[in-house]
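Below are the structure tokens for one structure; questions will follow.
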Amino acid sequence: MLDIFRGLKNLVKVSHVRIDATIFRLHYSLTVMILLAFSLIVTTRQYVGNPIDCIHTKEIPEDVLNTYCWIMHTYLVKSAFLKKVGKDVPHFGVDKLTDTSDMKVYKYYQWVCFCLFFQVID
């Protein structure tokens, strides 16, 4: 008689209970993969090879100038955006700076890859 109830018990048994929806499981697993991938991409570009290569002259050693460019921010001149490249300016946004309000500053923080990685393990 007990064997009959054991067979019924296996039919009624819930194998796995999930309290979140499929979309939520996909969201948090996909988010982790994307953050990890971007962390690896930023890290390899930052710490392997030359992440930045500044134009230098012979007066300043190349490694010193590259370190300075790596730490400090860079900027473009807003008024040079509308000038013709190759004729008026050498490159897009590169021109003589006459007024500091004409600057468009681009900052890059070296700890971005670590923040992405810590979001993955959180």
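Residues in the stretch 77-94: is at least one part of a helix (DSSP H, G or I) and touching a residue at least 40 places away in the same chain (Cβ under 8 Å)?
no
On to the next question. For LEU97, indicate whether it is free of Cβ contacts under 8 Å to residues at least 60 places away in the same chain, part of a loop (DSSP other than H, G, I, E, B) and surrounded by 10 or more Cβ atoms within 10 Å (Cβ to Cβ).
Taking the combined requirement at face value, the residue satisfies it.
Let me ask something else. Look through the stretch 55-70, keep the residues that are surrounded by 14 or more Cβ atoms within 10 Å (Cβ to Cβ) and either of a type outside the set (A, V, I, L, M, F, W, C) or part of a loop (DSSP other than H, G, I, E, B) (or both), and return whichever of them is nearest to the chain's Cα centre (by Cα).
Top of the filtered list is ASN66.
Now a separate question. Which of the residues belonging to the stretch 100-122 are surrounded by 11 or more Cβ atoms within 10 Å (Cβ to Cβ) and farther than 29 Å from SER29 by Cβ?
Passing the criteria: ASP102, MET103, LYS104, TYR108.
None of the figures in this text is laboratory data; all of them are computed from the coordinates on show. Bear in mind the structure is a predicted one, so any value in this text is a computation, not a measurement. Every residue, glycine among them, receives a Cβ derived from its backbone with ideal geometry; neighbour counts consider all protein chains shown.
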